[in-house]
Amino acid sequence: MRIIEVPVSAFPDQRPGTAGLRKKVKVFQQPHYLECFVQAIFDALPERGTGCVLVGGDGRYYNRTAIQTLIAMAAANGYQRVLVGRDGLLSTPAASHAIQAHGANGGFLLTASHNPAGPQGDFGIKYNLASGGQASESQTEAIFACSQKLTRYRIADIPNVNLDKVGIQSFDGFRVEVIDPVEDYARLMQSLFDFDRIRSLMRSGFSLRFDAMHAVTGPYARRILVEQLGAPEASLLNATPREDFAGGHPDPNLVHAKPLVDLMMGPNGPDFGGASDGDGDRNMILGRGIFVTPGDSLAVLAANLQLSPGYRDGLSGVARSMPTCRALDIVADQLKLPCYETPTGWRFFCNLLDAGRISLCGEESFGTSSNHVREKDGLWAILAWLDLLSARRLSVAEIMQDHWSRFGRHYYARHDYEELPADQAKTVMNTLRGQLGRLAGQDLSGFCVTAADDFNYHDPVDGSESSGQGLRIVFGDTARIILRLSGTGTAGATLRLYLERYESAADRLALDPASQLMPLAKIADEIAGISMHTGKQSPDVVT
């Protein structure tokens, strides 16, 4: 096997974000761009050049080309074996599980998650560790440092691998094993949830719709929901993966999954609706006539997950990202569970999961999961809800009403201001940041400020500190306003405003969320100058 060393000049823009490196496809298609970033990862890994590495992605445009490059570079950098999902497909949670199940040193996940795809769309790549979890902040900084001093990359001169057939292909002792992307994951789900009970629910006339948004979860949903659990084939929407996600935006929320939302809100809607995103790690939960916010979904699962076989021993603890509503905190308090508040970014949960401090976690951007993998898991959340519905034999709306009557309700919304010029977004953040020190004790339109800060996180496991994780205005247990910049986009800056208001009185649990949050939105606009500095009179997306 001939190894080629290609001399290159370093690219200055390869600093990974919260979920790897994401850029427009055209950026990755530049000569040597992908190869340089991959080589920087190999150079930064302490275990480089040994054992096995996994490769797979969400099927978006350029995935198959990038996979062939990665295989050849793994061979050149001393790996003996590469595992790759058939057709190049592996959902992010399934890849996390496969890394552990097959004893791989780690894995390359080729995805830009919920971002649009196609030749004009986005592409991304991240590296997950042997635990199945994302590389830490210190490790991604090491990768960036290697990318800045790179002078060459190594690649093997081998034929392209046939990605469409399960089996082993060998090249001078180097092995590529194409694996079924669904088999291991389906087996794991069957060990966690009562499939017999869910099948009984399906036979009772229960109806569901799952929207795969032409992304990676289509094959997983077909195998589990249809073939194993007995749902009709018509239960699946957009279940065939496409390189451009059929021109859609594979983000499972009220805006981008509107056809499913409209179906569920109709008078004859199905009993249950769910959706997942490009790489399968996000979820949306709906019932007939009701949308379940991510924070409410997390709280409901915390209160009920012990009904599922894989969690009958209870939860060791729970965690949420800071902008996620505090519904989880109340459940944890009543159930006497440790509850942690982390920055946004799944890697912050991994230390807690690895240390056994938590077994359930979630974040505001439609991500929920447990200790079964080290990534958020969209289909897992769908199955957790189906198992809950099969155990309690109540509708989604009835479960939510019961939950709110017991724990109170957190009215919640996220307002996204997308593709802003970076200077505008920073001006908004700095405008609010400059006032934080004098807000405590002030009355803002009837809401008394009890705290205002820039969230800093002290990791209780490794002692690391993460500063500047989001601006908070806290009104005691009553309400919160949070402002932060997103790290998942590829064009301009995305400013995210989070609004939360708590009610516990029985006659205030069924109010219109928008009307309850409007006073907080006005406070945020006035104090941070969102409309004044951005020129936008309303957010681009509300979820």
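Before moving on, here are some points about what is shown:
- In segment 476-543, trypsin sites (Lys or Arg not before Pro) in a DSSP loop with at most 13 other beta-carbon atoms within 10 Å: none
- Spatial offset of segment 399-431 relative to segment 433-482 amounts to 14 Å, using the alpha carbon center of each.
- Averaging Cα coordinates gives a centre for segment 492-535 and one for segment 279-313; these two points are 24 Å apart.
- Using a Förster distance of 60 Å, the FRET efficiency for Asn430-Arg406 (Cβ separation, nearest 0.05): 0.90
- Against the main long axis of the alpha-carbon atoms of the chain, helix 63-76 sits at an angle near 50°.
- Nearest 10 degrees, 0 to 90: helix 137-148 Cα axis against the chain principal axis: 40
- Sequence of Asp196, Asp172, Asp271, Asp279 from largest to smallest accessible area, 1.4 Å probe: Asp172, Asp196, Asp271, Asp279
- Charged-residue dipole, Cβ positions (Lys, Arg, Asp, Glu), segment 260-313 about Cα centre, Debye nearest 20: 180
- Mean separation of Cα contacts under 8 Å, 6 or more apart, over the residue count of the chain: relative contact order %: 13
- For segment 15-63, the fraction of 1.4 Å probe accessible surface lying on carbon and sulfur atoms is 52 percent.
- Here is the size of the chain from its Cα atoms: Rg then Dmax, 23.0, 74 Å.
- If both residues of a DSSP beta bridge must be in the chain, then about 70% of such bridges are antiparallel.
- Counting every C-alpha pair in segment 198-346, the share spaced more than 18 angstrom apart comes to 64%.
- Coil-residue trypsin sites (Lys or Arg not before Pro) of segment 1-96, DSSP, other Cβ within 10 Å capped at 12: Arg2
- Measuring between their Cα centroids, segment 153-204 and segment 103-151 lie 20 Å from each other.
- Simple point charges give the picture: +1 on the Cβ of Lys and Arg, -1 on the Cβ of Asp and Glu, and for segment 288-418 a dipole about the Cα centre of about 300 debye.
- In Å, descending, principal axis extents of the Cα set of segment 22-92: 31, 26, 18
- Working from Cα pairs under 8 Å separated by at least six residues, relative contact order for segment 1-151 is 35 percent.
- Percent of Cα pairs exceeding the 27 Å cut-off, where the set is segment 318-477: 35
- Counting only protein heavy atoms and a probe of 1.4 Å, the accessible surface of segment 449-543 is 50% carbon and sulfur.
- Near Asp172, once Lys and Arg are set to +1 and Asp and Glu to -1 for all other residues with Cβ below 14 Å from its Cβ, the sum equals +2.
- Distance between modelled label sites at Asp512 and Ser9, nm, 7 Å Cα→Cβ extension: 5.9
- Only alpha carbons enter this Debye calculation for segment 158-262, each as an equal point scatterer, and the log10 of I(q)/I(0) it gives at q = 0.21 Å⁻¹ is -1.13.
- Heavy-atom accessible area per residue - segment 187-342, 1.4 Å, Å²: 35
- For segment 315-381, applying the loop criterion from DSSP together with a ceiling of 15 other beta carbons within 10 Å to the trypsin sites (Lys or Arg not before Pro) yields Lys336.
- Across the accessible surface of segment 277-352, with the other protein chains kept in place and a 1.4 Å probe, carbon and sulfur atoms take up 45 percent.
- Reach of Lys258 by Cα under 14 Å, taken over aspartates and glutamates that are not fewer than 8 positions away in the same chain: Asp211, Asp277
- Here's the picture: charge each Lys and Arg Cβ at +1 and each Asp and Glu Cβ at -1 in the chain, and of Thr342, Gln169, Gln30 the one pushed furthest to the positive end of that dipole is Gln169.
- With the convex hull drawn around the C-alpha atoms of segment 289-363, the volume per residue stands at 95 Å³.
- Cα-centre dipole for the chain with unit charges at Cβ (Lys and Arg positive, Asp and Glu negative), debye to 20: 300
- Reduced Cα scattering model of segment 62-206, Debye log10 I(q)/I(0), q = 0.18 Å⁻¹: -1.19
- Cα gyration tensor, segment 1-123 - rounded (a/c under 1.5), prolate or oblate: oblate
The values are calculated or read from the model by the stated rules, or taken from the named source; none is laboratory data. Everything numeric here is computed off the predicted structure, so don't read it as measured data. Neighbour counts are summed over all protein chains in view; Cβ atoms, including those assigned to glycine, are modelled from backbone coordinates with ideal geometry. Side chains are part of the model used for accessible areas, which takes the heavy atoms of the whole protein and leaves out ligands, DNA and RNA. Shrake-Rupley method; radii C 1.70, N 1.55, O 1.52, S 1.80 Å.
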